[in-house]
Amino acid sequence: MHALAGVNLTIERGEYVVILGHNGSGKSTLAQHLNTLLWPTQGAVWGKEWNTRDVKRTLDIRRTVGMVFQHPDNQIVATVVEEDVAFGPENLGIPREELLRRVDWSLEQVEMQAYRTRAPHQLSGGQKQRICIAGVLAMQPEVLVLDESTAMLDPQGRNEVLAIAHRLNREQGVTVVAVTHFMREAVDADRLIVMSEGRIVMDGPPRAIFQEREQLRQLHLDVPHVSALAAELHARFPGFPGNLLTVGEIVKEVKKWGAQYEVRNTQHEIRDTDFAAPDATRNTNH
Amino acid sequence: MSFELSRNIIIGQYIPGNTFVHRLDPRAKILVTLFLLFGISFTRSLIVSFVYLATMLVIVWSARVPLGFVLRPFVRGLPLILFFLGFSVLWLGWQEPAGIVFFQWGWIRITSNALLMAVLSLTRLISLLLLISLPTLTTPITQLTYGMESLLTPLGYVGLPVHDIAMIATISLRFVPILAEEMERVIKAQASRGGEIGALSWREPMQIGKAMLPLVVPLFVNAFRRAEEMAVAMEARCYVSGAGRTRFVQLHAHLIDYVVVVGMLCYVIAVWYGADLAFNAVLARFA
Amino acid sequence: MENRSSVTRKIVITAVLIAITIVLSIPLNLGPFISLGFIAIPPMIAVTILVVPTIIGAVLEGPIVGFIVGAAFGLFSLFLAAQQPAGSANAIFVDPIISVVPRLFIGPVAWLVYTAMKSMREQWRLVGAAVAGTLTNTILVIGAIALRLGVPFFVTLLSVGINVVLELIVASVIVVAVVSALRGRASGAGCSSV
Amino acid sequence: MRGTPLEVKAIEDISMEIRRGEIVGILGHTGSGKSTAIQHLNVLLRPDEGTVLIFGQNAADPKLDVRSIRRRVGLVFQLPEAQLFEQYVGDDVAYGPRKLNLSREEVRARVRRAMEAVGLGFEAYKDRPTFSLSGGQMRRVALAGVLALEPEVLVLDEPTAGLDPQARRQLMNHILELRNKGVTLVMVSHNMEEMAEICDWLFVLAKGRTVMAGAPATIFGQPAQLRELGLDIPDVTQVTDELVAADLLPATTSVCTLPQAVQTISTLLQTTQ
């Protein structure tokens, strides 16, 4: 049994890539190959000009490709936030003045300066995960791999972490590889890779991939509700574009239709006939 | 039965303060503690042990730590200690009838030597109690681990994995609140499955092991799962055991710290050799 | 595919075992559970399993890990003895000769027994290690009390009484169950009793 | 903790009523008091103030038979697979029933029913070593462990957290089947879309208070208020909300599931053609 087979993948500098797939699809295994936590039995993984097999380059690769994992509690090493952020650069033997500077900078990037002397167990899940990102940033990586880093967070924490990843990608030019099983996180990516049974089955921009609803369904993957809504509307109204990704896009499109046909005049009619008032009473169906 | 476990587990019971003892460098505190520990543990002279007791009382007083608070565990343990010491007095008196015999009834014999031994043990226990509680009362536990790491550094040159030991100390402190919370969750979960952990009877002692399994096995299994993940995460952040690391935290020793360490070392040596001599000299003068 | 330094793993596992030792003595006061690792049922039963993490460390990761966990266990009970609310602690343990020194031997002895029983069934090896580790702790602590307080050995032994036997049984049960769970395979019957 | 400076009041003012046979959802972000609230439902916690009535019995009553309540109200914690301890799946599921002094046959029958209810074949899985299973399978074993008590009410805290969509859907289907067997379900979840779809009644908590209560349609008809509470509003609700704001849909519109959204917007588009 091979966890991965026939994977051929190049990630460009500055890309925001989302890798999607079920548990056991090989997506985390792939991510762990990126910074030599795992080695391929056949074939090779190259980070920049370094082969991950080259033991002398292990640390170079790991500092270039920073990884954040699923459970924040199992990656925070120190009992004080700022000391944990310093852990990576400490391992690299960075001189102390530089160390202090990097810790300040990283905490600022994830907006956690106010918590620098706190104990990690006093923070929320999202805050802890931001500390983990800061800990990776302190090594000044060029690539940030988020290995299911949002899976255990509540929606608020998830949004915090994603916002930071996107900002780092946009403003600092950090390449982001996000492994996830939340389809919705793929919407803002440059590129979406779908994995199944150790192989890459789809690779392309999210807009194109979300069009392939039939194939995604066979892979038991959910299409985000917005895309599904657009597709459903497209099926009923061929003029309505079916490849929309965001709430904003749908709203804009519907408004365009509305403006075109002067919907305001017919509004009364809609209100009276077509919309049932919400069922506010309880236990009517039992 | 309801479950209200402490959510904020504090290891060590640091009482913030700003006394001379509080401000001392953690390394100085550890060294002084070790000197005193050595002195108190290995003296067989009653006079010396009284001198140490007095010394400890002075230090506790100067750290503004309430004496009653520190001594409470001792008071609670007193019945058992007295029970043990009572036996030891009878045993010694029976074994070697040396010294003055105060009381004799059959084989029960109370001698001055045995009593002196008991008093010595008691003084030593009180001194040790004061000594052991002081560092944790006056220093945050993390500071103590930094101090320990820094002090052990020279031993790194003879092959002791100092950084690894410091890492172990830090990570175990990190895991305590996590595992405590997990323990709480496991207890509650088993209770909702009908496991009533208050329902043990002394008539069925063999049930104790079985009653512990539902709580202890998950604790270990989860802890090990976390450990495996943390090991991977540490390596991803370039941790290599034994490699040259720099340290974010740095301790700064002042002149006063050196003075205290050297001073206390001299004091312990002086007490060791001098207390009995001085006492005998004073005794001779009054005699 | 594996590329994992075993040292990092050993460091974290040692740390976790120490953390478990500490958590096992957090005061609970839930019925007979004074703490998770200490059961007291009046009038005479008092059983502690604080040695178990040390034994498991020795069995799974070797004598050095066992030694370190044991040392930490000793240091912790030293500090706990001077603290409050100290659940299972006893003021006698403020003497490091009683609290620390005996604990250094638990891991290595448990490992030696486990290794010596190589040819036997895994379960019996685990029981052997658990018994050896627990006995080492009991005997050495009692010996240290005799040494430091002049209390004759048999008196302390009597005061510990039946609990020694209980502790051996409880430690064996738990070590076997935990180690099998950690290795992801079952020991014993081979099937459930349902 | 009581009386110490660390005392935290996790619950301020929560009032909710759970009716037999319903699926009740509890929403609120982390720290809103959800997990504390549900622990009152099977007397793991008792109120310092106020009253909790469970099947008409007062939880503050010291004479209350706590064990019988816990048998009738099963509580499944977050990531329940972390609580397994027996070496074999069958024994772990049997832990609860065995505490009830049932006959061997009855225990066996209950274990069989519980395992089958979560899609684990009795014969195929009962002798498997517990800790060799996959994460998703272990979660189902843990759920079966509570189901084996045959509770009338099942309280689930984030039952699908961390699962991938496929496993999530499977588990949800098993849970929803329980309702057809007459089990009352109380569910805590962050997944708004899922909750909107399956629940009969929702409670929204914030800072230890119940701030909203009602049928999903009512709750999701007030997206502004949900947003203020920092909750994750379903995407489709956001769409219709913005359309309402643009005066394209009437203010009474309430959409929280995909089919509803398709229906509503289709109607809108139809009328514009």
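The values are calculated or read from the model by the stated rules, or taken from the named source; none is laboratory data. This is a predicted model, so every value here is computed, not measured. Please note: Cβ atoms are built from the backbone with ideal geometry, for glycine as well, and neighbour counts cover all protein chains shown. Side chains included, ligands, DNA and RNA excluded: accessible areas come from the protein's heavy atoms. Shrake-Rupley method; radii C 1.70, N 1.55, O 1.52, S 1.80 Å.
A few comments on the model shown:
- Solvent exposure of chain D as accessible area per residue, Å², 1.4 Å probe: 40
- Those residues of the stretch D:183-213 for which accessible area with every protein chain present is at least 30 Å² below the isolated value (1.4 Å probe): D:H190, D:E193, D:W201
- Panel note: contact residues of the stretch A:18-49 (accessible area lowered by at least 20 Å² against the chain on its own; 1.4 Å probe) correspond to A:H22, A:N23, A:L37, A:L38, A:W39, A:T41.
- For the chain pair C and D, the interface hides roughly 1100 square angstrom of accessible area in total, found with a 1.4 Å probe.
- Mean partner shielding of peptide D:240-248, defined as the number of other chain Cβ atoms within 10 Å of each residue Cβ, is 4.
- Normalised by the number of residues in chain C, the mean separation of alpha-carbon contacts (under 8 Å, six or more apart) gives a relative contact order of 18 percent.
- Nearest-ten-degree value, helix A:125-137 long axis tilted from longest Cα axis of chain A: 50
- Prolate is the label for the protein assembly as shown, because a/c, from the alpha-carbon gyration tensor with a ≥ b ≥ c as root eigenvalues, is 1.5 or above and a/b exceeds b/c.
- Packing-based ranking, highest mean first, of D:75-85, C:49-59 given that Cβ atoms within 10 Å are counted: C:49-59, D:75-85
- Rounded tilt (10° steps) of A:96-109 against the dominant C-alpha axis of chain A: 0
- Note that the stretch C:113-123 has calculated 3J(HN,Hα) couplings of 5, 4, 5, 5, 8, 3, 7, 8, 5, 3, 4 Hz, one per residue in order, obtained from phi through the Karplus relation 6.51 cos²θ - 1.76 cosθ + 1.60 (θ = phi - 60°); glycine and proline are x.
- Relative contact order of chain B, pairs being alpha-carbon contacts under 8 Å that are 6 or more residues apart, as %: 30
- Using a Gaussian network model of chain D in which every pair of alpha carbons under 10 angstrom is joined by a spring, one finds that among D:M187, D:M172, D:M195 the greatest mean-square fluctuation is at D:M172.
- For the pair C and B, total buried accessible area rounded to nearest 100 Å², probe 1.4 Å: 6500
- Relative packing of C:165-171, A:211-217, which averages over residues the other C-beta atoms within 10 Å, highest first: C:165-171, A:211-217
- Estimated from helical segments only, the mean residue ellipticity of chain A at 222 nm is -12000 deg cm²/dmol, where each DSSP H run of four or more residues counts as -39500 (n - 2.57).
- Counting only heavy atoms of the protein chains and using a 1.4 Å probe, C:S193 has close to 60 Å² of accessible surface.
- Computed [θ] at 222 nm, deg cm²/dmol, chain D (DSSP H ≥ 4; -39,500 (n - 2.57); rounded to nearest 500): -12000 deg cm²/dmol
- Accessible surface of the stretch A:1-76, 1.4 Å probe, proportion on carbon and sulfur as whole %: 50
- Student exercise, the stretch B:6-286 dipole from Lys, Arg, Asp, Glu Cβ charges, in Debye to nearest 20: 400
- Taking the helices alone, chain B has a mean residue ellipticity at 222 nm of -24000 deg cm²/dmol, built from -39,500 (n - 2.57) per DSSP H run of at least 4 residues and averaged over all its residues.
- Across peptide D:141-149, the average count of Cβ atoms from other chains found within 10 Å of a residue's Cβ is 2.
- Restraint check, B:K188/D:K207; D:K34/D:K63; D:K34/D:K207; B:K188/D:K99; D:K99/D:K181, Cα-Cα greater than 21 Å: B:K188/D:K207; D:K34/D:K63; D:K99/D:K181
- Carbon-plus-sulfur accessible fraction, chain C (probe radius 1.4 Å, protein heavy atoms only): 72%.
- Along chain B, longest interval not containing exposed trypsin sites (Lys or Arg not before Pro), exposed being DSSP loop plus at most 10 other Cβ atoms within 10 Å: B:45-202
- With respect to chain D, whose longest principal axis is taken over its alpha-carbon atoms, helix D:258-272 is tilted by about 10°.
- Prolate/oblate/rounded call for the stretch A:16-218, Cα gyration tensor, a/c under 1.5 rounded: oblate
- Using a cutoff of 8 angstrom between alpha carbon atoms and counting only pairs six or more residues apart, the relative contact order for chain D works out to 25 percent.
- Area hidden from solvent between D and A (accessible, protein heavy atoms only, 1.4 Å, total, Å²): 4700
- With all protein chains kept in place, the per residue accessible area of the stretch B:41-163 amounts to 50 square angstrom at a probe of 1.4 angstrom.
- The residues of chain A expose on average 44 square angstrom of accessible surface per residue, using a 1.4 Å probe on protein heavy atoms.
- Chain B shape via C-alpha gyration tensor axes, a/c threshold 1.5: oblate
- Peptide C:147-159 is shielded by partner chain Cβ atoms: per residue, an average of 5 of them sit within 10 Å of its Cβ.
- Phi angles across the stretch D:105-115 convert, under the Karplus curve 6.51 cos²θ - 1.76 cosθ + 1.60 with θ = phi - 60°, into 3J(HN,Hα) values of 5, 5, 4, 4, 5, 5, 4, 4, 4, 5, 5 Hz, Gly and Pro given as x.
- Comparing the full protein assembly with the isolated chain, the residues of the stretch A:148-172 losing at least 20 square angstrom of accessible surface (1.4 Å probe) are A:M152, A:D154, A:P155, A:Q156.
- Top positive-direction residue, dipole computed over the protein assembly as shown with Cβ charges, set C:V59, A:S227, B:I178: C:V59
- The stretch D:23-215, accessible surface, carbon-and-sulfur percent (1.4 angstrom probe): 47
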